[in-house]
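In what follows, a single structure is set out as structure tokens and then discussed.
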Amino acid sequence: NAGVMQNPRHLVRRRGQEARLRCSPMKGHSHVYWYRQLPEEGLKFMVYLQKENIIDESGMPKERFSAEFPKEGPSILRIQQVVRGDSAAYFCASTYGQGFSYEQYFGPGTRLTVT
Amino acid sequence: DAKTTQPPSMDCAEGRAANLPCNHSTISGNEYVYWYRQIHSQGPQYIIHGLKNNETNEMASLIITEDRKSSTLILPHATLRDTAVYYCIVRVGISSGSARQLTFGSGTQLTVLP
């Protein structure tokens, strides 16, 4: 059973470009979380999605950031007009259901560098 | 979710038990204690969780004090590959409107020495 997959693993963008980060959850998982880890800091929650629904986006910056989890295909975290402060590691995690006892399984992360 | 306090760093000799403490003095009755770890540059990895009874799995043991204000994660025979940042997270049980995400603090950097 393949784990959580994220691609690309490394992404370099110039200021003002768009970044698209993809997350394929574990087989059978329909809940996805996105977290961001700035250099030398802990992971911060961004958004929680179920298939075709955003459940909680309280950690998402109000501008330039959006997320989706379509019925088919991976979850996408989209950052428009990137700035240097967006440089970070972005991790997604998936769970089987919404119960708190369902452990979150994390992907290897996408490291975004904005030049 | 309750705040947790962990020492910023610890060393442990390879082959010895690593005991990682966590204080969560404001924990509520319906809050669970979770432990994750993050090996350098990788995604966090779930280790174990518990409510009030001690728990053990193939990776570690979790000892929760009777008053639930603190806990200890035990890696019985630490190896070099256990070097990582260990996060203690207290999380409320599911209910309508409750947060489901994990709130990571600073964690403890465990270094296993050869």
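Assorted remarks:
- Coil-residue GluC sites (Glu not before Pro) of the stretch B:22-114, DSSP, other Cβ within 10 Å capped at 11: B:GLU58, B:GLU66
- Each of B:LEU113, A:GLN80, B:CYS12 was placed along the dipole of the protein assembly as shown (beta-carbon charges, centred on the mean Cα), and the one lying farthest toward the positive end is A:GLN80.
- In this Cβ point-charge picture (+1 for Lys and Arg, -1 for Asp and Glu), chain B has a dipole of about 220 debye about its Cα centre.
- Think of a 1.4 Å ball rolled over the protein heavy atoms: the protein assembly as shown then has 50 Å² of accessible area per residue.
- Taken about its Cα centre, the stretch A:3-115 carries a charge dipole of about 460 debye when Lys and Arg each add +1 at the Cβ and Asp and Glu each add -1 at the Cβ.
- When you filter the GluC sites (Glu not before Pro) in the stretch A:33-95 for DSSP loop state and at most 13 other Cβ atoms inside 10 Å of their Cβ, you are left with A:GLU40, A:GLU41, A:GLU52, A:GLU63, A:GLU72.
- Leaving ligands and nucleic acids aside, the A/B contact buries around 1700 square angstrom of accessible area in total at a 1.4 Å probe radius.
- In the context of the full protein assembly, A:ASP56 retains an accessible surface of approximately 40 Å², using a probe radius of 1.4 Å and ignoring ligands and nucleic acids.
- Exposed loop positions in chain A were taken to be trypsin sites (Lys or Arg not before Pro) whose DSSP state is not H, G, I, E or B and which have at most 12 other beta-carbon atoms within 10 angstrom. Between these positions, the longest stretch is A:72-115.
- In this structure, the amide hydrogen of B:ARG16, modeled 1.01 Å from its nitrogen in the peptide plane, lies closer than 5 angstrom to those of B:ALA78, counting only residues at least 5 positions away or on a different chain.
- C-alpha center-to-center spacing [the stretch A:1-44, the stretch B:1-65] in angstrom: 25
- Within the straight-line cut-off of under 26 Å between alpha carbons, the lysines reachable from B:LYS52 are B:LYS3, B:LYS69, sequence neighbours fewer than 8 places apart in one chain being disregarded.
- Note on the protein assembly as shown: with charges restricted to the Cβ of Lys and Arg (+1) and Asp and Glu (-1), its dipole about the Cα centre is near 780 debye.
- The portion of the accessible surface of the protein assembly as shown made up by carbon and sulfur, rounded to a whole percent, is 47 (1.4 Å probe; DNA, RNA and ligands excluded).
- For the protein assembly as shown, B:CYS12 have no disulfide-compatible partner, since no other Cys C-beta lies under 4.7 Å from theirs.
The values are calculated or read from the model by the stated rules, or taken from the named source; none is laboratory data. Computed from a prediction, not measured in an experiment: that's the story for all the values here. A quick note on method: Cβ atoms are made from the backbone with ideal geometry, for glycine too, and the neighbour counts reach across all protein chains shown. Ligands, DNA and RNA are stripped out before the accessible areas are found, and what is left, the full protein with its side chains, is counted by its heavy atoms. Shrake-Rupley method; radii C 1.70, N 1.55, O 1.52, S 1.80 Å.
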